[in-house]
Every structure is written in structure tokens, then in C-alpha cells.
Amino acid sequence: PSRGMREALENPSRIDQLFIDRVVSKPLKNLSVLSSEEGLSDAIQVHDDALSTLLKELKERFDVILFDLPRKLEPFHRGCMQQSDQVILVSELSLVSLRDGLRITDLMRDHLKLKPPVVVANRVGFGKKIEMQVGDFEKGVNGKVQVKIPYVPEVYMPISSDIPSVKKKGHAAVKPIVQLAEFLLPEWV
């Protein structure tokens with residue numbers, strides 16, 4: 001990753017189409033990624049105009065925009081959620097993840113006044129001893145698990161510059177990702 005996302009957040013006056021062209025990587029024909037790798041102790045000073053300026057430029061260029069947000073939601077992250085058409089809550093089926101998921105859904109409902117998220121269970125089958133039943137998780141998070149992505153490290157975790165699941169799109173473990181895409185973007189799939 002470049003430092004593009006950090007530059008955009010700290011200095012939105014630099015954001016224009018040329019900036020986007022320079023800092024976005026294109027791992028696939030139909031996938032562009034704007035990212036930034038930061039140290040855990042690095043503080044990013046997000047400018048008040050960063051989100052609106054960034055979204056304006058991205059919307060002119062891309063049909064679909066995804067934000068990958070951390071568990072701890074700063075004001076910028078909450079703004080991203082409020083500007084979203086849909087929020088996807090990706091969670092493991094553990095008690096710790098259930099607590100975080102419930103806090104996020106409560107925040108969305110009570111403070112941000114957003115519709116409930118699409119709930120995606122990730123790495124299903126990884127921690128069988130700590131994994132909850134899907135029904136119990138759904139009761140706890142007050143929502144239905146829309147998609148269950150199985151834990152299949154050979155499909156999702158090889159370290160390479162390729163995206164392994166794209167190469168193995170016929171694999172049964174990739175079908176839930178296709179289901180999610182069809183659910184969220186039926187006109188695109």
C-alpha cells in the first residue's frame with residue numbers, strides 16, 4: 001500500500017482525479033484499492049472535509065465504494081457508515097465478536113439512526129470450541145446471518161500478490177462471497 005489514504009485524510013485539498021490515479025492500486029481489472037499501512041501507534045489527524053472530498057472524487061470515478069472500517073469507530077468511521085447505502089458487519093461466531101457486533105448494531109440504531117447491517121459470519125469452522133451456534137449468535141446480535149464464509153485457509157490466506165479466491169472462484173468456499181455480492185449488488189453480478 002501507498003500512503004494515499006493517509007494523505008487524503010490529512011490533506012483533502014490534494015484530492016483530485018490525478019491524486020486518485022496516483023495513489024490507487026489496481027490488483028484486478030475491476031478492482032481498485034486505496035489504502036495506507038500505518039503503525040499501531042501512529043495517529044492520523046483526519047481533516048473535517050476529508051470524507052466529503054474523498055467521496056466526491058471516488059463517486060465520480062467508481063460505481064461501488066467499500067470502506068473497511070476498524071472495530072473502534074472514530075468520528076470519521078461513523079461518517080463513513082452514515083454515508084453508506086449498506087453496512088456489512090463481518091464477524092466470527094464467538095462471544096467476543098458477538099459483544100462487538102451488538103455494540104456496533106446498537107450504535108447504528110440508537111445514535112446513527114441507520115438500518116441494521118447485513119451480518120456476515122467469517123471463518124466459520126475455525127474455532128469449533130469457541131464458536132457459537134448461528135441461531136444463538138443471531139439472537140444475541142438481533143439480526144440474521146446473511147452469509148457464512150467457511151474457514152478455508154488455502155483459498156483465502158496464501159501470501160502472494162494475487163487474490164487467491166479470484167483464481168478459485170468455482171470453489172465451494174467462495175460461493176458465499178458470490179452470494180453476498182448478489183445480495184448487495186444484484187444489478188452488477
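Taking 0.36 nm per residue of sequence separation and removing the Cα-Cα distance, the Asp110/Phe183 pair yields an extension gain of 23.7 nm. When a/c is below 1.5 the answer is rounded, else prolate if a/b is larger than b/c, else oblate, so apply that to the stretch 63-187 with a ≥ b ≥ c taken from the square roots of the Cα gyration tensor eigenvalues. Note, shape of the stretch 63-187 comes out oblate. With the helix formula -39500 (n - 2.57) applied to DSSP H stretches of n ≥ 4, the chain reaches a computed 222 nm mean residue ellipticity of -10500 deg cm²/dmol.
Computed 3J(HN,Hα) for the stretch 125-132, one whole-Hz value per residue from the Karplus formula 6.51 cos²θ - 1.76 cosθ + 1.60 where θ = phi - 60°, is x, 5, x, 3, 6, 10, 7, 7, glycine and proline marked x. Rolling a 1.4 angstrom probe over the stretch 40-117 with all protein chains present gives an accessible area of which 49% lies on carbon and sulfur atoms. Between the alpha-carbon centres of the stretch 41-89 and the stretch 91-150 there is a gap of 22 Å.
Accessible area per residue for the chain, computed on protein heavy atoms with a 1.4 Å probe, is 66 Å².
Assuming charge only on the beta carbon of Lys and Arg (+1) and of Asp and Glu (-1), the dipole of the chain about its Cα centre is about 640 debye to the nearest 20.
Pairwise inverse Cα distances across the stretch 1-63, averaged and inverted, put the Kirkwood hydrodynamic radius at 12.1 Å. Only Cα pairs under 8 Å and 6+ residues apart enter the sum, and on that basis the relative contact order of the stretch 33-189 stands at 16 percent.
So which lysines can Lys26 reach, going by Cα to Cα under 30 Å and dropping same-chain residues fewer than 8 places off? Correct list for Lys26: Lys56, Lys59, Lys72, Lys148, Lys167, Lys168, Lys169, Lys175.
The values are calculated or read from the model by the stated rules, or taken from the named source; none is laboratory data. Worth saying up front: this structure is predicted, and the values here are computed from it rather than measured. So basically every Cβ, Gly included, is an ideal-geometry build from the backbone, and we count neighbours across all protein chains shown. Just so you know, the surface numbers come from the protein's heavy atoms only, side chains and all, with ligands and any DNA or RNA stripped out. Shrake-Rupley method; radii C 1.70, N 1.55, O 1.52, S 1.80 Å.
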